[in-house]
1. Only residues that are surrounded by fewer than 17 Cβ atoms within 10 Å (Cβ to Cβ) and among the hydroxyl-bearing types (S, T, Y): list them for the stretch 7-49, please.
2. Give all pairs with beta carbons closer than 8 Å in which a residue from the stretch 82-95 that is without any contact (Cβ under 8 Å) to a residue 60 or more places away in the chain and farther than 26 Å from L59 by Cα meets a residue that is of a type in the set (G, A, S) and within 12 Å of ligand 2 (Cβ to nearest atom); count only pairs at least 6 apart in sequence or on separate chains.
3. Under the condition of being in contact with a helix residue (DSSP H, G or I) (Cβ under 7 Å, 6 or more places away or on another chain) and among the aliphatic types (A, V, I, L, M), which residue from the stretch 104-125 is surrounded by the fewest Cβ atoms within 10 Å (Cβ to Cβ)?
4. What do you reckon, is S88 under 16 Å from the mean Cα position of the chain (by Cα) and within 16 Å of ligand 2 (Cβ to nearest atom)?
5. Scan the stretch 2-12 and give yes if some residue there is closer than 25 Å to A172 by Cβ, in contact (Cβ under 8 Å) with a residue 60 or more places away in the chain, small (G, A, S) and out of contact with any Pro (no Cβ under 7 Å at 6 or more places or on another chain), otherwise no.
6. Yes or no: the stretch 149-156 includes at least one residue that is more than 23 Å from A176 (Cβ to Cβ) and either basic (K, R) or surrounded by fewer than 19 Cβ atoms within 10 Å (Cβ to Cβ) (or both).
7. Here is a check on your reading of the model: is Q87 on the phi < 0 side of the Ramachandran plot and within 12 Å of ligand 1 (Cβ to nearest atom)?
8. Across the stretch 126-140, which residue is modelled with the highest pLDDT among those that are surrounded by fewer than 17 Cβ atoms within 10 Å (Cβ to Cβ) and among the small types (G, A, S)?
Amino acid sequence: MPFDLSLYLVTDAGLCAGMGLEKTVEAAVQGGVTMVQLRDKHASDEHMITQAKRLKAMLAGSGVPLIINDRLKVALASQADGLHVGQSDTAVQEARNTLGQHAIIGLSINTSDQLLAAPVELLNYVGLGPVFATGSKQDHAQPIGFDGLARLASACQLPSVAIGGLKAEHVAQVKAAGANGVAVISAICGQPDPRLAAQAFNAQ
Ligand code: TZP
Ligand code: MG
């Protein structure tokens with residue numbers, strides 16, 4: 001499946017609880033979100049598989065891929081479009097072997113060393129960050145700022161998406177730093193109107 005990193009929504013169960021996960025994602029996609037990642041650090045695999053199947057059905061025909069955070073088993077069972085892994089999650093090689101050549105596989109990168117060590121030939125994109133400190137991820141790595149983002153993006157042979165504390169007002173700086181898009185949780189999830197919140201990014 002072709003993919004567009006321009007506006008990459010990462011979900012958060014707590015922040016989406018008010019409106020509901022599916023309604024939040026649906027509204028965000030109407031507002032212009034181009035990728036959706038289902039992320040839940042606390043739910044069981046079974047619960048995530050159920051949610052992923054619902055999201056997959058909802059996104060059918062939209063051209064917006066569904067990526068699963070971290071859980072290979074969930075990605076496989078839900079026939080999601082791909083998997084996003086962190087540095088200490090499932091190995092990229094195992095994810096590629098299990099999900100096959102058409103899966104979209106992304107890896108989180110925080111440092112130049114991690115970028116040098118990344119198995120570029122097995123990946124479709126990288127997530128670069130956190131750009132800023134954020135309350136949306138516990139124990140996140142050291143923020144890299146726009147300077148760090150520019151260094152990593154320019155050294156990177158793969159499409160990249162910036163993450164961490166990003167708001168609509170940062171889109172121009174993210175693009176100037178050389179990343180292909182912005183990934184956000186709180187700037188869309190938990191906003192009173194996720195569709196308008198997504199539109200604000202595309203209006204930049
Ligand atoms: N990885 C690095 S920062 C982050 C993740 C999942 C959280 C981003 O959330 P927000 O609310 O967009 O800062
Ligand atoms: Mg992870």
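The values are calculated or read from the model by the stated rules, or taken from the named source; none is laboratory data. Since this is a predicted model, take the numbers as computed values, not measurements. Please note: Cβ atoms are built from the backbone with ideal geometry, for glycine as well, and neighbour counts cover all protein chains shown.
1. Residue satisfying the conditions is S44 alone.
2. Once the first residue is without any contact (Cβ under 8 Å) to a residue 60 or more places away in the chain and farther than 26 Å from L59 by Cα and sits in the stretch 82-95, its partners that are of a type in the set (G, A, S) and within 12 Å of ligand 2 (Cβ to nearest atom) give Q87/S108.
3. Once the filter is applied, the top-ranked residue is L122.
4. Here the answer is no, as S88 does not meet what is asked.
5. Taking every residue of the stretch 2-12 in turn, at least one turns out to be closer than 25 Å to A172 by Cβ, in contact (Cβ under 8 Å) with a residue 60 or more places away in the chain, small (G, A, S) and out of contact with any Pro (no Cβ under 7 Å at 6 or more places or on another chain).
6. Checked the stretch 149-156: no residue is more than 23 Å from A176 (Cβ to Cβ) and either basic (K, R) or surrounded by fewer than 19 Cβ atoms within 10 Å (Cβ to Cβ) (or both).
7. yes
8. Of everything passing the filter in the stretch 126-140, A133 is modelled with the highest pLDDT.
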